[in-house]
Amino acid sequence: MIAGIPFNAWAVWGIAATATAGVILRPFGWPEFVWAACGAAALVVLGLLPAADALAGIARGTDVYLFLIGMMLLAELARLEGLFAWLAAHAARRARGAAGRLFTLIFAVGTIVTVFLSNDATAVVLTPAVAAAAQAARVPDKLPYLFICAFIANAASFVLPISNPANLVIYGAHMPALLQWLPHYALPSALSIGATYLMLRLTQRRHLRGAICVDIAVPRLSRGGAASALGIVGTAGVLMGCSAFGAQIGLPTFIAGLATLLLVWARSGSGAWRVAQGVAWGVLPLVAGLFVLVQALQDTGLVARLGVLLAEAIRHSAVWSGWGAGMVLGFGCNLINNLPAGLLAGRVVALAHAPEAVRGAVVIGIDLGPNLSVTGSLATILWLGALRREGVNVSFWAFLRVGVVVMPLALLAALGGRAVLF
């Protein structure tokens with residue numbers, strides 16, 4: 001026992017920290033999921049976490065896995081069937097030769113995709129389309145436009161309950177219905193989106209001064225591409241229905257993705273094997289490993305200790321507790337990723353019986369904080385993977401130089417808007 005804490009707890013914390021660092025830094029160039037899965041396996045092999053608890057932790061992520069599979073199927077179908085190239089050409093033409101106009105157009109589309117399909121969908125579905133649009137417009141540097149996909153994915157991720165799977169793990173079984181959610185988050189979301197646009201545009205201004213190509217050929221949309229578009233629109237409708245009634249979104253998204261795959265296959269003959277080859281399956285063991293790590297941390301009593309601390313802070317001042325929790329989580333989730341941070345925060349908030357003012361600040365911190373660095377959210381990790389497929393690499397420091405300007409002001413604005421409501 002060290003400092004009154006059992007050795008096993010220190011060992012769990014050490015393994016969790018090492019695995020998380022591996023996910024963030026990717027030593028030896030190994031994929032993120034290898035580090036998360038190895039950390040989870042080490043906990044079980046060393047007897048620090050019973051196998052039954054590990055399986056229970058994995059099972060808690062079922063809704064997230066189904067959601068991600070459905071979204072990845074939709075994205076790969078759209079890519080293979082040429083939907084992205086078709087949309088990109090239209091977007092580039094509408095910019096009418098102005099780089100700034102293309103930037104604003106992509107930001108608006110990214111906001112809509114995030115709100116109605118989730119931040120992970122923006123990372124997976126929109127990023128290839130934006131890369132294609134930048135290619136069609138022959139811009140000198142694609143990165144300012146690709147940055148939009150990462151930043152708006154987090155900035156707009158609390159407009160609706162479905163806009164970020166992290167919202168589901170924070171609220172758990174007590175997710176508010178749509179008409180309860182909107183009054184609490186409409187103003188903070190508007191401030192978050194507005195501040196993110198202004199600061200991101202400011203950081204990229206020197207890349208947006210020149211003209212871009214106006215003579216852009218629009219490819220013909222195939223039958224399979226049209227079917228993919230129909231599937232994406234239908235999925236958005238399904239998710240809105242889930243949001244209205246406070247239902248889980250994983251299984252409906254999976255069914256929608258599978259149904260779209262069958263529809264495209266029937267219309268264009270595209271094989272399921274080609275789609276399966278293009279899906280980034282590694283994200284599933286990554287998420288599963290993170291859920292196991294969180295389960296182990298909970299078993300050490302860490303969650304209970306944090307719950308007591310939060311409850312004590314709330315007794316002194318719920319308002320300042322909300323500000324503090326939002327700021328700590330906003331910066332802290334960049335150290336451990338917002339999915340495990342959201343899982344831990346959701347349980348801490350429940351144990352502390354936190355009022356809605358505090359819970360809302362937690363949501364904002366978890367959702368918006370990841371705009372500081374590439375390590376902050378699952379959506380940003382998915383975005384990095386999508387960029388690698390396009391032959392683009394963004395370093396930790398390149399993202400941080402932008403994030404340190406964009407994120408803090410947006411976080412303060414959103415928390416301020418939230419405080420006004422309570």
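Only the coordinates and a few stated rules stand behind these numbers; no lab work does. Worth saying up front: this structure is predicted, and the values here are computed from it rather than measured. Cβ coordinates were reconstructed from backbone atoms using ideal geometry, including for glycine residues, and neighbour counts include every protein chain displayed.
Quick notes on this one:
- If you take the alpha carbon atoms of the chain and fit the smallest convex hull around them, that volume is 131 Å³ per residue.
- Inter-label distance for Trp320 and Phe396, nm, one decimal - labels placed 7 Å from Cα along Cα-to-Cβ: 3.4
- Fully extended contour minus Cα-Cα distance, from Ala247 to Ala56, at 0.36 nm per residue: 66.6 nm
- GNM flexibility winner over the chain from Asn164, Asn393, Asn334 (Cα, springs under 10 Å): Asn393
- For the range 95-118, the residues whose backbone nitrogen is under 13 Å from a point 7 Å from the Cα of Cys213, taken along Cα to Cβ, are 97.
- Using only side-chain charges placed at the Cβ, +1 for Lys and Arg and -1 for Asp and Glu, the dipole size of the range 25-175 relative to its Cα centre rounds to 700 debye.
- Rounded tilt (10° steps) of 283-299 against the dominant C-alpha axis of the chain: 20
- Surrounding net charge for Leu146, when Lys and Arg each add one and Asp and Glu each subtract one, Cβ distance under 13 Å: +1
- Formal net charge of residues neighbouring His207 (Cβ-Cβ distance under 11 Å; K, R +1; D, E -1): +4
- Karplus (6.51, -1.76, 1.60) ³J(HN,Hα), θ = phi - 60°, over the range 360-366, in Hz, Gly and Pro reported as x: x, 5, 5, 4, 4, x, 5
- For the pair Val328 and His90 in one chain, pulling the backbone fully straight at 0.36 nm per residue adds 81.5 nm over the alpha carbon distance.
- Among Val402, Phe67, Gly322 the positive-end extreme of the charge dipole of the chain (Cβ point charges): Val402
- Linear extension gain, Leu351 paired with Ala190, 0.36 nm per residue minus alpha-carbon span: 54.9 nm
- Net charge, Leu68 excluded, C-beta distance under 15 Å - Lys, Arg +1, Asp, Glu -1: -3
- Listed from fewest to most Cβ neighbours within 10 Å, the set Leu368, Leu102, Leu335, Leu66 follows the order Leu335, Leu66, Leu102, Leu368.
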